[in-house]
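Note sheet for the following structure.
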Amino acid sequence: MFEQFSSAITMLQEKLFKWIDTFILQLPNLIVATLIVAVGWYLAKYVYKLIHKIVTGAGGNRNVSDLLGSIGRVFVIGLSLFVGLSVLGLSNAVASLLAGAGIAGLAIGFALQDPLANLFSGVMMSVKELYRKGDLVRTGDYFGKIDKISLRATKIQTLDGQEVVIPNKDVLQSPLTNYTVNGSRRVDVEIGMSYGDDLTTAANIVKKAIKENVKHIEGKPIEVFWTGFGDSSMNGVLRYWQSSTSQMEYLKSRSEAIVAIKAAFDKEDIMIPFPIRTLDFGIRGGETLSQMKVHLSSKDEKSLS
């Protein structure tokens, strides 16, 4: 029993001495590998700042600059780790790590399809600069101002004060209307007038009312188009342009246009008709109330005679 215990102690001592010898032999390589990793770690910070400065200076979006800088930093850190392991003679471990990283990357890619799609969509939108913070846009069922843009999602504040977070993938794949980018906006106002008034005269009155009372872009025309025959009125649409793209200014301008048109029509005695209903009192149709009275009176006289 004592001999077995003594033999175990001896084997343990041999192992410890062997590990110590190996550590002493590998100590220079370990120091070099540690220095490589440390230099790579600090160098990664400067690489991030350099890439960020270059991309931003070239007119790139800040989100794209952050992403590219982070990719460069991770690349430098990963490269320093692999070089450090190679210095320690762990080539097999490096190969295993590369193989494992490839498999893990594939698995992560499948698991994170939507987040990655949103990320790359955000990069594409940032590079193309489809819109900016504060722009008035419509995408899908949402209409409002851009509140925040990130590489994963876009936040829109609707006109009733609600915040909507839309994944960038959905924004990129859906039609998007930007009301701000052109710097001007067309105002459309529906109008109607009676059948008894002259269309050309009414159109000229509408144009004059807008020109004299409503702010508009002078270089663009004020247009009136008659669009159809309504139940009780001739229907048309007024179109003019304003320099402001704000939704509040749009509503204010349209309200001023309606007030100006109403005042002009009243002044020029242009009738804005109410809905009209024609009452037909005859069984076969086409008879007025007075005709029905005469018809009923004649029947009463015959019955009395």
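Points worth noting:
Residue-by-condition table, conditions (1) more than 31 Å from the chain's Cα centre (by Cα); (2) under 13 Å from residue 261 (Cα atoms); (3) surrounded by 14 or more Cβ atoms within 10 Å (Cβ to Cβ):
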residue: 199; (1), (2), (3): yes, no, no
residue: 202; (1), (2), (3): yes, yes, yes
residue: 205; (1), (2), (3): yes, yes, yes
residue: 211; (1), (2), (3): yes, yes, no
residue: 217; (1), (2), (3): no, no, yes
residue: 226; (1), (2), (3): yes, no, yes
residue: 234; (1), (2), (3): yes, no, yes
residue: 238; (1), (2), (3): no, yes, yes
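- You will find that of 164, 206, 171, 224, the residue that is β-branched (Val, Ile, Thr), in a strand (DSSP E or B) and touching a helix residue (DSSP H, G or I) at 6+ places or on another chain (Cβ under 8 Å) is 224 and no other.
Values in this text are rule-based calculations from the coordinates and carry no lab data. None of the values given here were measured: they were computed from a predicted structure. When we count neighbours, we look across all protein chains shown, and the Cβ atoms used for this are built from the backbone with ideal geometry, even at glycine.
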